[in-house]
1. Please give the number of the condition B:P117 fails out of (1) without any contact (Cβ under 8 Å) to a residue 60 or more places away in the chain; (2) within 14 Å of chain A (Cβ to nearest Cβ); (3) not in a helix (DSSP H, G or I).
2. Could you please give the count of residues in region A:275-290 that are among the aliphatic types (A, V, I, L, M), surrounded by fewer than 11 Cβ atoms within 10 Å (Cβ to Cβ) and not in a loop (DSSP other than H, G, I, E, B)?
3. Out of all the residues in region B:1-41, which are over 21 Å from A:D48 (Cα atoms) and within 9 Å of chain A (Cβ to nearest Cβ)?
4. Within region A:132-156, which residues are in contact with an Asp or Glu (Cβ under 9 Å, 6 or more places away or on another chain) and not in a helix (DSSP H, G or I)?
5. What are the residues in region B:43-100 that are surrounded by fewer than 24 Cβ atoms within 10 Å (Cβ to Cβ), among the acidic types (D, E) and under 13 Å from B:V20 (Cβ atoms), if any?
6. Limited to region B:43-85, what total is found for residues that are among the basic types (K, R) and within 9 Å of another protein chain (Cβ to nearest Cβ)?
7. Are there helices (runs of 4 or more DSSP H) fully within region B:1-98 with at least 3 residues that are farther than 21 Å from A:T214 by Cα? List them.
8. Quickly run through region A:149-183 and pick out the residues that are over 18 Å from A:M86 (Cα atoms) and of a type in the set (G, A, S).
Amino acid sequence: MEFLKELFLYPGLFFGFILGGLLEGVKRKLKAKMQLRIGPPITQPFYDLNKLMVKTITKPYGVAPSVYLLIPFIPTIALIFCFLLMPYPFYQEKTAFSFDLILVFYLTEIPLLAQIIFGYFTKSPYGMVGAARAGQMFFYYNALFIMVITTLSLLGDPPYSFCIKTIAEAWSPLDIVIKLLTLPFFVFAVLPKLKLNPFSIPDAEAEILEGPLTEASGLALAFFKLNYLLELAIFGSLFSFFYLPVLKISPQIGLILLLLGAFSLTFAFGFVENLTARLRLSQFSSLYLNHLIPLATGLLVITWILKTW
Amino acid sequence: MLLDPIKQFFRYSQKRSLWVFHVNTGSCNGCDIEILALFSSKYDAERFGIKLVGSPKHADILLVTGPVTSKSRDPLLRVYDMMPKPKAVVSVGVCSLSGGVFAKSYNVLGPVDNFIPVHVYVGGCSAHPNMILEGILRAAQFLSEEEELWSF
């Protein structure tokens, strides 16, 4: 019973859904305000999701309906489990789960893999191009993300634990400096993961309509949108755990700080999204391969030297 | 009886989230530019939850501009079939209503409502963004009236 409560209420589905929806709502509102518009209400993502749930499904010819719904549904389960692997206040004290960062990293990749499979599976040319672009980008930003989490795993005691709780509790002066240095790389790894500008290459509306989700409709699209909201909540929470002393203070203030951190990250993402135009795939790969990944590798080596000696 | 509040909740969401797909079946682009203006800072259709989408499979409302021509008839019918229910159609501009200045041209087959059901007509050459906005909001009423919820 306790497990079901954690899975569906806090810190599972309900918490993630509400937090993700509000984050997306704030992001859209910020975008509107920056363009001198009133913009949609902050609750707009919830209306969108509710509406999609009651729409009919128009699947492409020759596609099995069960598989059409199963592909977006599997990542939803993976992402709900992701919340159980993070040391949320009021939850981390009583759970038996280890807060494994590698597992969180793998589970957060499942939505993207599902989108790539969906893009190819539905046989839409736009879906296929979007899926191919998402697949190409996948290797670049994940290499950067691995560098960031490996660097962060060296902090705290014991090192190489890849435990989110250990990293969140590492606040020595050296840890703070290293954490601050990893912050830009974290942002550059998460922006393309969430397909936000300037890295919204797989969803480039003007060229390839809705990318891998072109053929998604009704409940299938609702699941994809839900996955996106859950991803927003997960990365917002990860940011708070890594870069804010959420676990060093009382759980009540820790939870408020965690939410503030998540909203700040989304605010920053919304700001960047508005100020930048979409890059080409070649520019994206050049930026990551020639600049960001070598710099992040250098930071990893320096951290390793500092921590070992 | 118990489901009524849930149904009302979903119907309210349907009216607050209107995803629009735009098809030009042969217009001069005047109405298309007015539709683009609808999403700019001045008219800000997004404040009503209206969003322009790139795929008809995501759309609730179809905006059609221009008269139907022999080349655009089949794509229009395909796009209409692709849209999931509940759906509504808004015919924008005098050309899509009657053919306008293009009526009786060699390649013009007729107004939009000869081919697909149209729920709201927005006149004008070109149609004013405020009128298009009102047309979309009126079409939202049809979304919740025409189809039964949970029809899948």
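1. The single condition B:P117 does not satisfy is (2).
2. 1
3. Answer for region B:1-41, where residues must be over 21 Å from A:D48 (Cα atoms) and within 9 Å of chain A (Cβ to nearest Cβ): just B:S41.
4. Hits for region A:132-156 are A:L155, A:G156.
5. Result: B:E46, single match.
6. 4
7. Passing ranges, in order: B:4-16, B:30-38, B:94-98.
8. The answer is A:S172, and nothing else.
The values are calculated or read from the model by the stated rules, or taken from the named source; none is laboratory data. Predicted model only: the values in this text are computed from it and were never measured. Neighbour counts run over all protein chains shown; Cβ positions are idealised from the backbone, glycine included.
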